[in-house]
Amino acid sequence: MSESTKQVSRRFTELFSTDDHALADTIFAPGVVFHGAVPDGDLRGIDALKGFLGAYRAAFPDAVSAVEDQVAEDDRVVTRWRARGTHAGPLGGLPATGRTFDVGGITIERFVAGRIAEIWVARDELGLLRALGAIPDREPAGAA
């Protein structure tokens, strides 16, 4: 099962590089839950994930996400990924900045009947916000 679930996990990562939201119907279980995607709670259901992906693609229309490493065991896949792109549309309350980003993260997906039923994400949000100019760059160590 590990190779087939890793393949589905890679297709999940690809969703962030495409506007093909129909792909979501083939990789997510109907009651999928996405933990950590948004600050105000979990995303629940395929339609909620499609909405999230649409907002992401509107903010970063040229974004490309790539799998860098994967480990699969039992009903779970852990994926380390990297995303790059340009901030060309609004992101929450942050208007488009035209700045580029390059950030990494990790997702853990739990599978049921070959589809993703639950997702946990940890990503470099601080690095993303710095890259977009939403927060100032940190001062070098030893600066006063």
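Inside segment 69-95, residues that are in contact with a Gly (Cβ under 8 Å, 6 or more places away or on another chain) and either open to solvent by 40 Å² or more (accessible area, probe 1.4 Å) or part of a strand (DSSP E or B) (or both) make up a count of 6.
In the condition set (1) within 13 Å of the chain's Cα centre (by Cα); (2) surrounded by 15 or more Cβ atoms within 10 Å (Cβ to Cβ); (3) not hydroxyl-bearing (S, T, Y), A66 is compliant with all but (2). On inspection, A59 passes the criterion of being under 24 Å from D102 (Cα atoms) and buried (at least 16 other Cβ atoms within 10 Å of the Cβ). Look at segment 38-53: where a residue is without any contact (Cβ under 8 Å) to a residue 12 or more places away in the chain and open to solvent by less than 30 Å² (accessible area, probe 1.4 Å) and a partner is aromatic (F, W, Y) and assigned to a helix (DSSP H, G or I), sitting 6+ places away or on another chain with Cβ atoms under 6 Å, you get L43/F52. In segment 2-34, the qualifying residues are those that are open to solvent by less than 40 Å² (accessible area, probe 1.4 Å) and in a strand (DSSP E or B), and the one that is nearest to W81 (Cα to Cα) is F34.
The values are calculated or read from the model by the stated rules, or taken from the named source; none is laboratory data. The shown structure was predicted, so the numbers you read here are calculated from the model rather than taken from an experiment. With ideal geometry, Cβ positions are generated from the backbone for all residues, glycine too; neighbour counts draw on all protein chains shown. Surface accessibility is based on the protein's heavy atoms, side chains included, excluding ligands, DNA and RNA. Shrake-Rupley method; radii C 1.70, N 1.55, O 1.52, S 1.80 Å.
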